[in-house]
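Engineer: One structure is given below, represented as structure tokens, and several questions about it will come after.
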Amino acid sequence: MARLTRDGISICFYQALHAFSQALETAETYITTRTMDVLIVYDWLRLAGIKLMEAELKGSPGCGELWDKQKPGFSQERWEFWRGRLEDIEKDAGYNTQAREVAGKAESLLKQLMGG
């Protein structure tokens, strides 16, 4: 879906939003699945990050319980929250090595996409 979005074949912004919410806005009940969730977020950022940063999804559903602002869609505040969550996962020894490494790569890429 990220490749389709990047190439303009299909616009899958809602699927991306769901992936970010699932990976970064939900409680840590299943730490073993977090690796796959973070890999999906990384692929979205790597393949279609610029398009996602430009997307406007006002009024879209899909906020996880950790996102207390309850602003739906993509916003600067939410991107910053996600960046912080990726940084937290990278530093948390409770996650496996692959999850921490990918979270670090995703956080660096997101930081770059955000211009800082």
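Engineer: Going residue by residue through the range 44-56, is there one that turns out to be modelled with pLDDT under 90 and either among the charged types (D, E, K, R) or touching a Pro at 6+ places or on another chain (Cβ under 9 Å) (or both)?
Structural biologist: Yes, the range 44-56 contains at least one residue that is modelled with pLDDT under 90 and either among the charged types (D, E, K, R) or touching a Pro at 6+ places or on another chain (Cβ under 9 Å) (or both).
Engineer: Pick out the one residue from Tyr30, Tyr14 that is of a type in the set (Phe, Trp, Tyr), surrounded by 14 or more Cβ atoms within 10 Å (Cβ to Cβ) and at pLDDT below 90.
Structural biologist: On the way: Tyr30 fails: surrounded by 14 or more Cβ atoms within 10 Å (Cβ to Cβ).
Step by step, each of Tyr30, Tyr14 is checked, and only Tyr14 is of a type in the set (Phe, Trp, Tyr), surrounded by 14 or more Cβ atoms within 10 Å (Cβ to Cβ) and at pLDDT below 90.
Engineer: A follow-up question, please. For the range 80-116, how many residues are surrounded by 12 or more Cβ atoms within 10 Å (Cβ to Cβ) and hydroxyl-bearing (Ser, Thr, Tyr)?
Structural biologist: Final tally of qualifying residues: 2.
The values are calculated or read from the model by the stated rules, or taken from the named source; none is laboratory data. Not measured: the values here are computed from a predicted model. As a convention, Cβ positions derive from the backbone with ideal geometry for all residues, glycine included, and neighbour counts pool all protein chains shown.
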